[in-house]
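Notes follow the structure.
The values are calculated or read from the model by the stated rules, or taken from the named source; none is laboratory data. A quick note: this is a predicted structure, and the numbers were derived from the prediction, not measured. With ideal geometry, Cβ positions are generated from the backbone for all residues, glycine too; neighbour counts draw on all protein chains shown. Calculation scope for accessible area: heavy atoms of the full protein, side chains included, ligands and nucleic acids excluded. Shrake-Rupley method; radii C 1.70, N 1.55, O 1.52, S 1.80 Å.
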Amino acid sequence: MFRNLISKSSLIAKGTTISKQLLFKRPYRIISSVKSSIKDDPKNSSNPSNEKISDFKDIEAIEKLMLNKEKPVASYIIQSHKKLRSIYKPSYWIDDLTYKKKPPIRPNKPPVNRKLNLRTMSDSYVEEFLPFKSDPDLLEEYVNPDGGIRMGKIFENLDLLAAIIAYKHCGNGKEDVSEMTIVTASVDRLDLIKPLSICDIRLNGHISYAGYSSMEVLIKMEALQDGVFQKLKTNPETKVQGETLMIARFIMVARDPYTNRSIQINPLQLENDYQKKLFQIAEEQKVKKNASAAAALTILPPTEEEKLLIHNCYLEYSKYDNKKEKPDHIIRMDETVMESVTFMQPQNRNIYGYVFGGYLMKLAFELAVANASVFMRSRPKFTALDEISFRKPVPIGSILCMSSQIVYAPGSPHKSFQVSVTADVLDIERGKRDTTNVFHFTFICDNPAMEVRRVVPKTYDELMKYVEGRRRREVGLKLRGLYNEASKGN
């Protein structure tokens, strides 16, 4: 069961006027008529420096720069799925089946000319409480066999919250977004900074970047001190100061529901230098993402250092290729495959009639955990989810085949390893698979006495997976190392 989503209600920046020409020019940049208000804002008495954010420091910077609601409001139990679905007219699956037989309303007409309004980051702020310690019934729905919290269900919450935040940014005062489709394009990064224990949780987030049709949603998960949630229910003015457990970045895109073309969203007004810095981080992250895609192994060959690594992997595999016995600390990559098959049911659909992205994240994560457990011969500890791209929607009624594999594990003394999960929709008529998602998870062994086995690839395809996993691990280690170093300094 989800918790009430609390949000600030202001929709348009007060006292701000802007011409239609400027709105359509480059809304994802700092609009010139707004720059002076950022500079002269009295709240900027202790502004952060304007130096460029260095590589791998975005976790530390984002946590410090994210908005916090000044006056939280007590929450009450609601169904968040119904909250999101209520944006459109209520529907049932039987009605949806009937509707699908009808032709689109405007198949060849141009998209609706929507009125655009300047929006601030605080306009899209939303928070959700998950009081696991205060509510035994809620905990029962999330608890795992070991007495912890099911991270897969948290992923469902995060994806839904990101969608609600995006819709709030795109609304025009009356949350009229019926002429717009917003979907999750990708999850750029999700880092579990500290272990998730049974405590009262607050999820809060807002828009940090807005382009022509895309937007970045930042979400932070915090652990509340004992008793804070109870105080919030009796005194909504209670100040909330939580301990950061997780930082997540979602990329949402808006499309015309009838043509599936990009549709312009409300531009973002930056009110102070803190918000300007968040916007800058998002832009730099976008540049790094494009650069990484351009250097992907599907486009460019491995680097000279990686070529040497590939050769060493070949030599190591050759030692055990023709032998029945191999050392216990060595395992071939092709021995780490684990698969699952799931029939996609209408109960897990989003408001557009496709499978909810958070549900796919949960399925992928729980398969990855199962595979990591078998690989470790013990329970793994989740640390990060790397970039996910939702390439294609998964239809209701389809058969989803997920295949997981340990793609990178350097072995002792290293404790972390990478698990990749590929999601394919099975076309039963053609007998083919169509890949819709690829997930990358990082796990770690937190038992100092336990040795993590080394994965050895053989084929060229496995070697490319190994190199890609190594790249992702190095990025994650730099991110987490800098964050932990900064935390110790505070």
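Go through (1) of a type outside the set (Val, Ile, Thr); (2) over 28 Å from the mean Cα position of the chain (by Cα); (3) in a loop (DSSP other than H, G, I, E, B) and name the single condition Leu308 misses.
Exception for Leu308: condition (3).
Looking for something open to solvent by 20 Å² or more (accessible area, probe 1.4 Å) and at pLDDT 90 or above - is there at least one such residue anywhere in region 200-212?
Among the residues of region 200-212, at least one is open to solvent by 20 Å² or more (accessible area, probe 1.4 Å) and at pLDDT 90 or above, which makes the answer yes.
Criterion first (surrounded by 14 or more Cβ atoms within 10 Å (Cβ to Cβ) and not charged (D, E, K, R)) does Ile263 satisfy it?
yes
Assess whether Glu283 counts as being in contact with a helix residue (DSSP H, G or I) (Cβ under 9 Å, 6 or more places away or on another chain), surrounded by fewer than 20 Cβ atoms within 10 Å (Cβ to Cβ) and part of a helix (DSSP H, G or I).
no
Of (1) over 26 Å from Val341 (Cα atoms); (2) surrounded by 14 or more Cβ atoms within 10 Å (Cβ to Cβ); (3) not small (Gly, Ala, Ser), Asp446 satisfies all except one. Which?
(2)
Of the numbered conditions (1) within 23 Å of Glu127 (Cβ to Cβ); (2) in contact (Cβ under 8 Å) with a residue 24 or more places away in the chain, Gln285 satisfies every one except a single condition; which is it?
The failed condition is (1).
Can you tell me which condition Ile351 does not meet? The list is (1) over 31 Å from the mean Cα position of the chain (by Cα); (2) surrounded by 14 or more Cβ atoms within 10 Å (Cβ to Cβ); (3) in a loop (DSSP other than H, G, I, E, B), and all the others hold.
Condition (1) is where Ile351 drops out.
Closer than 22 Å to His440 by Cβ and within 15 Å of the chain's Cα centre (by Cα), is that true of Leu190?
Against the criterion (closer than 22 Å to His440 by Cβ and within 15 Å of the chain's Cα centre (by Cα)), Leu190 qualifies.
Is it the case that Val369 is exposed (fewer than 14 other Cβ atoms within 10 Å of the Cβ), β-branched (Val, Ile, Thr) and either at pLDDT 95 or above or closer than 22 Å to Glu462 by Cβ (or both)?
No.
Within the set of pairs 6+ apart or on separate chains, which have a first residue in region 208-227 that is more than 19 Å from Ile247 (Cα to Cα) and among the aromatic types (Phe, Trp, Tyr), a second that is open to solvent by 10 Å² or more (accessible area, probe 1.4 Å) and modelled with pLDDT under 95, and C-beta atoms under 6 Å apart?
Between residues of region 208-227 that are more than 19 Å from Ile247 (Cα to Cα) and among the aromatic types (Phe, Trp, Tyr) and residues that are open to solvent by 10 Å² or more (accessible area, probe 1.4 Å) and modelled with pLDDT under 95, the close pairs are Tyr212/Gln264.
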